[in-house]
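Here is the structure we will look at, set down as structure tokens.
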Amino acid sequence: MIKKIPTRIFVFFLFLVMVGNFMQAQQRFPKPEFETGYVQPSPTTPEPRSIALEYFDVAVLLAVLSLASWLAIRKRSRRGLLWISIFSLVYFGFYRDGCICSIGAIQNVALSIFDPTYAISITALLFFLLPLLFALFFGRTFCAAACPLGAIQDLLVIHPISLPSWIRKTLGFIPVIYLGLAVLLAATGSDFIICRYDPFVGIFRMDGPFLMIFLGITFLLLGMFYARPYCRVFCPYGVLLSWMSKFSKWHMTITPSACIKCKLCKDSCPFDTIEKPVEQEYRIPEVSRKNLRRFILYIGLIPLLTLLGGWIGSRSHIYLSRVHPDVYLAELIITNPELKEDEANLDIQAFLEAGKSFEQLVEEAVVIRSKFKKGGWALGGFIGLVLGITLMNQVVFRRREDYEPHKGDCFSCGRCMDYCPVERPLRGK
Amino acid sequence: MNQETKIKLTYRVAVVSGIFCGVVALLLLLNFWHMKQHEPLESATIKALVSRLAEEPNNDELKQEIRSFDLLARKAYFTSRWQIKTGTYLLLFGGILLAISLKIYTDLRARIGQPEEITEELLKARANAQYWLLLTGGLVLGLALTAAYLSNDFLKEYQQMAVNEVPAEVSSDVEVIEVFPSEQQASKTDPVQETEPSTPLTTEGQPGTQEAVSIEQSVSESAQPVSESAQPVSASIVYGIEDFKKNHSTFRGYLGQGVSFHKNIPVQWNGTSGENIKWKVAFSRPGYNSPVIWGDKLFISGGDSQARVVACYNRHTGQLLWESEVKDIPGSPASPPRVTDDTGLAAPTMSVDGHRVYAIFATGDIIAFDLEGKKVWGRNLGVPNNHYGHSSSLLVWENRVVVQYDTNTKGRMLALSTVTGETLWDVDRSVHISWASPTLIELDGKMQVVTSSDPYVSGYDLETGAELWKVEAMMGEVAPSIAFDDGVVFATNEYARLIAVKPEPGAGFIWEDDEYLAEVASPVAYKGLLYIATSYGVLVCYDAKTGEKYWEKEFNEGFYSSPMIADGNLYIIDMGGITHILKADKTGTIIGEPELGEGGFALPAFADGVIYLRGTEHLYCIGE
């Protein structure tokens, strides 16, 4: 009982931090009515930086990724990775206010592809590409040491629990949906939901909407027992990193030499990404035949699921498109025409004062909705395709002799290296 | 320090930092609660003092007291903010200490234990994963599909509704409510059969001279591709400038500039009691357009979803001479477009030139009747993409009907032949939708059509439609037309600005102002003074040359109707139906505020000794 007191105190503290932030949000000084054209700065977007400093950020990211890859693969230093991640948390998190980040850069890239009028900055593009490139060669060293969102969760892992693999696989489907939605909404110019619902940016900035702070605190609390919940259940960039990392040429290994199958590393990983050896009995003829039948079934299901998903996605374009402010506003005025007279409705008043006609708004909303119809096909098809491939992978058994990290899911944090009894004597421990 | 001591130390640090965080958080909560209970910025004392100040505006002692209280409240507010901020940082510091100590504590206590037996059987786990993946995928897709079928496409419904609205049965009955006093009892009659234009005010003029502005020409049928029922008209009577000055023939009178040349205009009446009301009639269809006059005849138009009509009255008696329905126009929509109630289908004021009367509606139908009510020609300019409804009035001059047709689709201005309706010129304008009306100005002996839109105030050659000049000045939904006086154009719009500009290429603003801006009412300029009427009931007079404000007067009701100058006075009717009559000079002395007894949005039409007003229900003839 006494042993649990610190944990409880910590939970209480986090709750109070949440309350404290909520109070700050409530106590904001009333916004003055400026008549001089002064534009109230947005509290959720940091000040723009000079180009030189933006390039400096890219250089820092490159350095962090290089160092992290070296520490994970060559140096095999968990401590080194930990300190680099603390640096990233301070620099990319608290100093750079969590922006720009590679996770949010997905949206900039998506928008730049589908909106010819939007020019993506070279910084955003590099922030998007560099971690993927490193993942392709060295695994997810970005998650290990360069991502401030990962770092803040990683530092608060207190007592991680292990979940059955079917729950992990099912939860692992959520980031795919989130990624698809984020790309669709960014590509249609509707919203940058990754940034809007970034749970930790409010903590980095010591300010933010109540929902943001609430989500951040919730994830941190949850992360004490279910390690890095955002990374594992929501992070859309993690999906891309995982795909890249699966093909990584030099991924970190648990042991520097031969695995003695002591199973210690399995307990060391708070993320359940270490896979045990696949034994011969899974290759017995009966099992293999059953798996083969399922494999063929799932292969056949992939195009069907893709088409079905695409069709359902396209049918969903009406409500999906309501995320776009113009569609939302047009439908709001159509369904509640009396709101035009409501001076308290700032959305409508801003629209009326902008001088744009309602018919114009409706026409634009119709065009946006048609984009969502096409985008719905892509989103649904993507979800169906990933579902089909994930199912197919469940009946594929690859021979594995040793305990190995799952190349796609492993964050390359290096905890397992410290636990490895083969490693310890080599380091003189 | 041994392991046990380290564990104890980190444990104690964790407990102390936890308690510290708890205390700070508690203080923060107390502070928050206190602030909620006594919000300094919402101090009841200050509110009470401020309301007292309204009664005693010159009480300096009270002002000082308010300032002291306000300062105190602000100090309390910012002190509280400081406390919250400091407390949050303390909480953060304590939290970090707690996290570090807890982390070290748990790490020190961690021991490499016996590895647990891995009990999860791989095949079973994979089978479970497939099951749950299929279930989750199915659930997601199923929910998406259900939501899709439950979602209404309001945009599509809205667009279909706008297209498919079917008009009800057409009715053209007109009821004359009352006419008093009358020489001839008003009754519904057949159209008056007249062979000559009803124009006692006709003056002579010669074709080709400057005085001759309305010239009838012989037209052969083959030359009229767009004239549906145009009849060849022989050159007959020519009307000159004096005729147009004597007849209130268009929106805002002569040239559309808002200045009348008529005298002895009444300044006192009462629509309810009948004081100085010569007659009043109810019109058949609603419309916000203003009456226009030629000779003995007065014209208004009206329209609803059932029909659009043009009505002609004997202006002396109020007798309805004829009322003709606007129909059989090629390209006319089966049902009228969706318009707002405050604009309607018949907002544009007609124009009359002594031979024909011209009307345009929100359907895009433009039509010409002769003065006996017989349709001469009609065409549809394309249903205007206008979310309120088309409201730009027509302007007729020199055989041209000028149409400002700025819609959401594109900006456009046309001149049609008064005789046949054929297009004489049609220019695209790089402007947004507008509701203002064209105004004529004369410069160097040539007539220009001047328009105000977002973003340009521009001048066009009446003859060719060539753009002569433009100035970027407006923004938003532009409804006020321009004013003109002494070679200077004045334009305004709410959320934009009020400007004075020379109508010439590259001209900058002579002056500009943004204190009082009109939303709907057009400004009027007269004898070096400029008058602006706002929709929130303020009437302002500026020096037209310098922009210096001479006076401002605030009234209870706002103005949608525009000010007009007649007989040296300014007339403007507010939305409540009160006509404010002021001296059109630097004093702005109020001469009278007669009531109509019903709301008023249209402009008055003037003739010698009388004023015609269209209320929301009735048309009035007022004269002493």
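The values are calculated or read from the model by the stated rules, or taken from the named source; none is laboratory data. Just so it is clear, the structure is predicted and the values come from calculations on it, not from any experiment. Cβ coordinates were reconstructed from backbone atoms using ideal geometry, including for glycine residues, and neighbour counts include every protein chain displayed.
Scanning for something over 17 Å from the mean Cα position of the chain (by Cα), surrounded by fewer than 24 Cβ atoms within 10 Å (Cβ to Cβ), part of a helix (DSSP H, G or I) and not assigned by TED's automatic domain parsing to the domain that holds A:Ser321, does segment A:135-147 turn up at least one residue? Yes, the conditions are met somewhere in segment A:135-147.
Among the residues making up segment A:296-316, those that are facing chain B (nearest Cβ under 8 Å) and not small (Gly, Ala, Ser) are A:Leu305, A:Leu308, A:Ile312, A:Arg315. Here segment B:372-396 is the region considered, the condition is being away from chain A (no Cβ under 14 Å) and buried (at least 24 other Cβ atoms within 10 Å of the Cβ), and the residue that is nearest to B:Ser453 (Cα to Cα) is B:Ser392.
The condition of being within 11 Å of another protein chain (Cβ to nearest Cβ), closer than 28 Å to B:Leu141 by Cα and in contact with a Leu (Cβ under 7 Å, 6 or more places away or on another chain) does not hold for A:Arg322. Please indicate, with yes or no, whether at least one residue in segment B:11-24 is within 46 Å of the chain's Cα centre (by Cα) and either surrounded by fewer than 12 Cβ atoms within 10 Å (Cβ to Cβ) or farther than 30 Å from A:Asp418 by Cβ (or both). No, segment B:11-24 contains no residue that is within 46 Å of the chain's Cα centre (by Cα) and either surrounded by fewer than 12 Cβ atoms within 10 Å (Cβ to Cβ) or farther than 30 Å from A:Asp418 by Cβ (or both). Would you check if A:Pro325 is under 27 Å from the mean Cα position of the chain (by Cα), on the phi < 0 side of the Ramachandran plot and not hydrophobic (A, V, I, L, M, F, W, C)? Judged against the criteria, A:Pro325 is a match. So which residues in segment B:451-470 are within 14 Å of chain A (Cβ to nearest Cβ) and touching an Asp or Glu at 6+ places or on another chain (Cβ under 9 Å)? Scanning segment B:451-470 gives B:Ser453, B:Asp454, B:Pro455, B:Tyr456.
Grab the helices (runs of 4 or more DSSP H) fully contained in segment A:185-273, keeping just those with 3 or more residues being among the hydrophobic types (A, V, I, L, M, F, W, C).
The helices (runs of 4 or more DSSP H) meeting that bar are A:193-196, A:201-205, A:210-223, A:236-246.
The set of residues from segment A:320-331 being buried (at least 18 other Cβ atoms within 10 Å of the Cβ) and in a helix (DSSP H, G or I) comprises A:Leu320, A:Ser321, A:Arg322, A:Asp326, A:Val327, A:Leu329, A:Ala330, A:Glu331. I'd like the full set of residues that are within 11 Å of chain A (Cβ to nearest Cβ), aliphatic (A, V, I, L, M) and free of Cβ contacts under 8 Å to residues at least 40 places away in the same chain, limited to segment B:31-54. Correct list: B:Leu41 only. Of the strands (runs of 3 or more DSSP E) lying entirely inside segment B:254-306, those carrying at least 3 residues that are in contact (Cβ under 8 Å) with a residue 60 or more places away in the chain and under 30 Å from B:Trp397 (Cβ atoms) are B:292-294, B:297-303.
Among the listed residues B:Val419, B:Val478, B:Val471, identify the single one that is farther than 25 Å from B:Asp365 by Cβ and crowded, with 17+ Cβ neighbours inside 10 Å.
Only one candidate passes the filter, namely B:Val471.
Can you find even one residue in segment A:104-127 that is more than 14 Å from every other protein chain (Cβ to nearest Cβ), touching a Pro at 6+ places or on another chain (Cβ under 7 Å), touching a residue at least 12 places away in the same chain (Cβ under 8 Å) and part of a helix (DSSP H, G or I)?
Initial filter on segment A:104-127 (more than 14 Å from every other protein chain (Cβ to nearest Cβ)): A:104-127.
Still in the list and also touching a Pro at 6+ places or on another chain (Cβ under 7 Å): A:106.
Now drop any that are not touching a residue at least 12 places away in the same chain (Cβ under 8 Å), which leaves A:106.
When the remaining residues are screened for being part of a helix (DSSP H, G or I), the result is A:106.
Looking through segment A:104-127, at least one residue is more than 14 Å from every other protein chain (Cβ to nearest Cβ), touching a Pro at 6+ places or on another chain (Cβ under 7 Å), touching a residue at least 12 places away in the same chain (Cβ under 8 Å) and part of a helix (DSSP H, G or I).
Quickly run through segment B:271-287 and pick out the residues that are of a type in the set (Phe, Trp, Tyr) and either modelled with pLDDT under 90 or surrounded by fewer than 24 Cβ atoms within 10 Å (Cβ to Cβ) (or both).
B:Phe283
If the condition is being within 27 Å of B:Ile84 (Cα to Cα) and either modelled with pLDDT of 85 or more or more than 40 Å from the chain's Cα centre (by Cα) (or both), then segment B:45-65 contributes only B:Thr45.
Of everything in segment B:1-16 that's in contact (Cβ under 8 Å) with a residue 60 or more places away in the chain and more than 8 Å from chain A (Cβ to nearest Cβ), which residue is farthest from B:Leu102 (Cα to Cα)? Looking at the filtered set, the residue picked out is B:Gln3. For segment B:364-384, a residue qualifies if it is in contact (Cβ under 8 Å) with a residue 40 or more places away in the chain, assigned to a loop (DSSP other than H, G, I, E, B) and not small (Gly, Ala, Ser), and the qualifying residues are B:Leu371, B:Glu372, B:Lys374, B:Val383, B:Pro384.
Residues to consider are A:Pro175, A:Pro160; find the one that is closer than 25 Å to A:Lys266 by Cβ and within 15 Å of the chain's Cα centre (by Cα).
After applying the criteria, what remains is A:Pro175.
Scanning segment B:298-314 for residues that are charged (D, E, K, R) and crowded, with 24+ Cβ neighbours inside 10 Å yields one hit, B:Arg308. Looking across segment A:170-184 at every residue that is of a type outside the set (A, V, I, L, M, F, W, C) and in contact with a Lys or Arg (Cβ under 9 Å, 6 or more places away or on another chain), the one that is farthest from the other protein chains (Cβ to nearest Cβ) is identified as A:Pro175. How many of the residues in segment B:414-450 are closer than 24 Å to B:Arg338 by Cβ, more than 14 Å from chain A (Cβ to nearest Cβ) and aliphatic (A, V, I, L, M)? Of the residues in that region, 1 qualify. Considering only segment A:196-210, I want to know if a residue exists there that is surrounded by fewer than 17 Cβ atoms within 10 Å (Cβ to Cβ) and touching a Cys at 6+ places or on another chain (Cβ under 9 Å). Checked segment A:196-210: no residue is surrounded by fewer than 17 Cβ atoms within 10 Å (Cβ to Cβ) and touching a Cys at 6+ places or on another chain (Cβ under 9 Å). For A:His159, the criteria (1) closer than 22 Å to A:Leu82 by Cα; (2) more than 10 Å from chain B (Cβ to nearest Cβ); (3) surrounded by fewer than 19 Cβ atoms within 10 Å (Cβ to Cβ) hold in every case but one, which is (2). Quick check, is B:Tyr131 exposed (fewer than 13 other Cβ atoms within 10 Å of the Cβ) and not assigned by TED's automatic domain parsing to the domain that holds B:Ile7? The answer is no for B:Tyr131.
From the list A:Phe247, A:Phe271, the lone residue that is closer than 26 Å to A:Leu136 by Cβ, buried (at least 19 other Cβ atoms within 10 Å of the Cβ) and in contact with a Lys or Arg (Cβ under 9 Å, 6 or more places away or on another chain) is A:Phe271. Of the strands (runs of 3 or more DSSP E) lying entirely inside segment B:475-525, those containing at least 2 residues that are of a type in the set (A, V, I, L, M) and out of contact with any helix residue (DSSP H, G or I) (no Cβ under 9 Å at 6 or more places or on another chain) are B:488-492, B:498-501.
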